[in-house]
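Undergrad: Below are the structure tokens for one structure; questions will follow.
The values are calculated or read from the model by the stated rules, or taken from the named source; none is laboratory data. Note that the structure is predicted; figures quoted are calculated from it, not measured. A quick note on method: Cβ atoms are made from the backbone with ideal geometry, for glycine too, and the neighbour counts reach across all protein chains shown. Heavy atoms of the whole protein, side chains included, go into the accessibility calculation; ligands, DNA and RNA do not. Shrake-Rupley method; radii C 1.70, N 1.55, O 1.52, S 1.80 Å.
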Amino acid sequence: MYSIIRTILFRLSAETAHYFSMNMLQLACSFPYIRKYITRRFTARGARPIEAFGLSFKNGVGLAAGFDKNARYLRELESLGFGFIEIGTVTPQPQAGNDRPRLFRLPKDEALINRMGFNNEGVKVVAERLKSWKLAHPANLHPKLIIGGNIGKNKLTPNEEAWKDYEICFRELFDVVDYFVVNVSSPNTPGLRELQEKDALHKILSHLQTINNQYPRPKPLLLKIAPDLTTGQVDDVIDLAIELQLAALVAANTTIRRDGLRTTEAELEKIGAGGLSGAPLRERATEMVLYIHQRSDSRIPVIASGGIFTAQDAMEKLDAGACLVQVWTGFIYVGPSIAKDISEHI
């Protein structure tokens, strides 16, 4: 059935299809009996709960940041069986992001290219929406949907002041998310990846951990890294993660590489710049998970993200040392059953 729906959706631009499909799902879920049917249909009954970095996940399959940037579709995504949702990337001030079109499908490669540019409604709006969600969904009523907050800097904020943006987002979201992910690895904000260098990264993360440890119950602080880092840069990240006692790493974000694709050079040139995600990232993401796991002597948990479409893909990441997996592009190509299909087999 989804293959037919996907054919229709793929006739629309990628971003239009995204909002159309999610708004239709939101409408369907506004009727309690339909929402209950969707939940029964797409929730894996035998899913294995996971304990990771101090949190209890009802299953090990999450939705990566970038899909529900503004926390608008939590009810709908929970109905589709995800164990955790990472909202954002959220910035202090609202921003429109890059000009459209900015999201492109590569069907021959089961991939996407995006240059969204941290488009979001701003941290205060998102925090209020999450506060309403939390009030309506007390954790003691049913298995809790874990919500992560992916935070970044505004485009116009100079890198030397980026730490201030991360602090603003951290403080605003502290009471309404379960964990944080610091995003310095998106290729779509000019200069952002420079913050992955050791000194810049240390400044941001140590500052956030200082604030974090002032709270009675600190939140897990994670870092999302790019698949384009050199081995030396990954080593620096691992050392920093151990030194600052980060809860985990997320490996990996989108790549700027284009090698080995079936999509033609002419098509890629027409699309232009952006981060590549999906099946072409599968092997590199697994390599990074395995390297981090081995290099850290299993001291750093890893959330695996990149090229996960099936339970077999997920098991590959888990066997490499990941504790949880996240999907995004796979959700677009496989459809709404992806969380169920994976979580009932891992």
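Undergrad: Could you please tell me which pairs satisfy a Cβ distance under 8 Å, a separation of 6+ or placement on different chains, a first residue in the stretch 309-326 that is more than 18 Å from P49 (Cα to Cα), and a second residue that is part of a strand (DSSP E or B) and open to solvent by less than 20 Å² (accessible area, probe 1.4 Å)?
TA: Listed by first residue and then by second, the contacts come to F309/V327; A320/A304.
Undergrad: Run down L192, L135 and say which single residue is within 16 Å of I225 (Cβ to Cβ) and without any contact (Cβ under 8 Å) to a residue 60 or more places away in the chain. Please lay out each step first, then the result.
TA: Working: L135 fails: within 16 Å of I225 (Cβ to Cβ).
That would be L192, the only listed residue that is within 16 Å of I225 (Cβ to Cβ) and without any contact (Cβ under 8 Å) to a residue 60 or more places away in the chain.
Undergrad: Is the stretch 169-179 home to any residue that is β-branched (V, I, T), in contact with a helix residue (DSSP H, G or I) (Cβ under 9 Å, 6 or more places away or on another chain), open to solvent by less than 10 Å² (accessible area, probe 1.4 Å) and part of a strand (DSSP E or B)? Even if it seems obvious, please write down each step before you answer.
TA: First pass over the stretch 169-179, keeping only residues β-branched (V, I, T): 176-177.
Narrowing further to those that are in contact with a helix residue (DSSP H, G or I) (Cβ under 9 Å, 6 or more places away or on another chain): 176-177.
In the following step, the residues that additionally are open to solvent by less than 10 Å² (accessible area, probe 1.4 Å) were identified as 177.
Keeping just the survivors that are part of a strand (DSSP E or B) gives none.
Checking the stretch 169-179: not a single residue is β-branched (V, I, T), in contact with a helix residue (DSSP H, G or I) (Cβ under 9 Å, 6 or more places away or on another chain), open to solvent by less than 10 Å² (accessible area, probe 1.4 Å) and part of a strand (DSSP E or B).
Undergrad: Just the residues that are among the aliphatic types (A, V, I, L, M), open to solvent by less than 20 Å² (accessible area, probe 1.4 Å) and farther than 16 Å from T310 by Cβ, please, taken from the stretch 272-282.
TA: Hit for the stretch 272-282 is L276, nothing else.
Undergrad: Then there's this: Could you tell me how many of the residues in the stretch 308-346 are out of contact with any strand residue (DSSP E or B) (no Cβ under 7 Å at 6 or more places or on another chain), assigned to a loop (DSSP other than H, G, I, E, B) and open to solvent by less than 10 Å² (accessible area, probe 1.4 Å)?
TA: Final tally of qualifying residues: 1.
Undergrad: May I pose another question? Criterion first (surrounded by 21 or more Cβ atoms within 10 Å (Cβ to Cβ), assigned to a strand (DSSP E or B) and among the aliphatic types (A, V, I, L, M)) does A304 satisfy it? Can you show your working first?
TA: Numbers: surrounded by 21 or more Cβ atoms within 10 Å (Cβ to Cβ): yes; assigned to a strand (DSSP E or B): yes; among the aliphatic types (A, V, I, L, M): yes.
It is true that A304 is surrounded by 21 or more Cβ atoms within 10 Å (Cβ to Cβ), assigned to a strand (DSSP E or B) and among the aliphatic types (A, V, I, L, M).
Undergrad: I need the full set of residues from the stretch 264-287 which are in a helix (DSSP H, G or I) and under 15 Å from A251 (Cβ atoms), in order please. Give the derivation first.
TA: Residues of the stretch 264-287 that are in a helix (DSSP H, G or I), as a first pass: 265-271, 279-287.
Of everything in the stretch 264-287, those that are in a helix (DSSP H, G or I) and under 15 Å from A251 (Cβ atoms) turn out to be L281, R282, E283, R284, A285, T286, E287.
Undergrad: In the stretch 188-218, what residues are in a loop (DSSP other than H, G, I, E, B) and open to solvent by less than 40 Å² (accessible area, probe 1.4 Å)?
TA: N188, T189, G191
Undergrad: Among the candidates E110, E76, which residue alone is among the charged types (D, E, K, R), within 18 Å of I146 (Cβ to Cβ) and crowded, with 19+ Cβ neighbours inside 10 Å?
TA: Answer to the check: E76.
Undergrad: Out of the residues in the stretch 1-60 that are open to solvent by 90 Å² or more (accessible area, probe 1.4 Å) and of a type in the set (D, E, K, R), state the one that is farthest from A322 (Cα to Cα).
TA: The extreme case among them is R11.
Undergrad: Can you tell me which condition H293 does not meet? The list is (1) in a helix (DSSP H, G or I); (2) open to solvent by less than 60 Å² (accessible area, probe 1.4 Å); (3) in contact (Cβ under 8 Å) with a residue 40 or more places away in the chain, and all the others hold.
TA: Result: H293 passes all but (3).
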